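Please treat every number below as a calculation from the coordinates, not as lab data. Owing to the predicted nature of the structure, the values given are computational and were not obtained by experimental measurement.
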Amino acid sequence: MLEALTGTGLAASAGLNAYIPLLTMGLLARYTDAIELPAGWAWVSNGWTLTILAVLLAIEVVADKVPVVDHVNDVVQTFVRPTAGGLAFGAGSSSETVTVADPGAFFSSNQWVPIAAGVVIALCVHGVKSASRPVVNATTGGLGAPVASTAEDIGSVVMSVLAIVLPVLVLIGLGVFVCAAIWVVRRRRRRKRERIGSVETRHLFG
């Protein structure tokens with residue numbers, strides 16, 4: 001079960017920021033004993049991989065904090081984040097961490113399953129993030145974009161670390177995500193009703 005939580009936490013983190021969970025795993029595997037990647041995923045801790053991920057993360061961090069640009073970035077990331085989520089789930093769930101001693105017993109017969117699960121989880125989180133950003137920008141005149149983006153980045157870092165060090169707490173992060181998803185759905189419905197009401201009012205008095 002801990003393997004599943006580790007993979008889920010990393011995939012959810014990728015849904016917020018594609019590069020943070022991979023970079024976190026790579027750095028921890030390279031410089032600490034917190035996680036030991038299996039041979040097939042050792043490339044994640046390669047120096048060149050870490051450098052490329054760091055550059056991509058820097059670009060993502062800047063782009064995601066600029067109104068309008070953040071929307072374009074979310075469209076592009078529709079393909080990147082689920083892919084990263086699949087990789088993060090696959091690598092994380094099959095790694096030996098400080099809390100997982102026998103990762104080989106998890107998804108051992110169907111190695112594609114954790115990757116597919118990670119893609120789905122990251123896509124769901126990405127969908128909520130993408131849907132919430134227009135609401136935040138519209139209600140704050142764009143001023144909320146950097147604040148929301150920073151909160152998402154911090155959440156992605158925290159989720160990634162917890163997924164490796166203390167995966168049980170990933171359940172709390174998933175609970176926060178569910179609450180955020182409910183808030184986004186309600187806000188979008190409310191804005192839709194307000195737009196419909198505005199159009200009806202213009203037709204009535206126009």
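Pulled fully out, how much extra length does the chain show between residue 31 and residue 58, if you take 0.36 nm times their separation in residues and subtract their Cα-Cα distance?
Once the chain is fully extended between residue 31 and residue 58, it gains 7.6 nm.
So who's got an amide H within less than 5 Å of the one on residue 35, skipping anything under 5 residues away but keeping other chains? H placed 1.01 Å off N, in plane.
none
Want the number for residue 78 to residue 49: 0.36 nm per residue separation, take away the alpha-carbon distance, what's left?
8.3 nm
Using alpha carbon centroids, what distance separates segment 71-96 and segment 128-148, in Å?
Taking the Cα centre of each part, segment 71-96 and segment 128-148 sit 22 Å apart.
Could you calculate, for segment 7-99, the ratio of the Cα radius of gyration to the Kirkwood radius, expressed as Rg to Rh?
With Rg and the Kirkwood Rh in hand, the quotient comes to 1.00.
Using only Cα positions of segment 106-180, each an equal point scatterer, no hydration layer, compute I(q)/I(0) via Debye at q = 0.16, 0.17, 0.26 Å⁻¹ and quote the log10 values to two decimals.
-0.71, -0.78, -1.27
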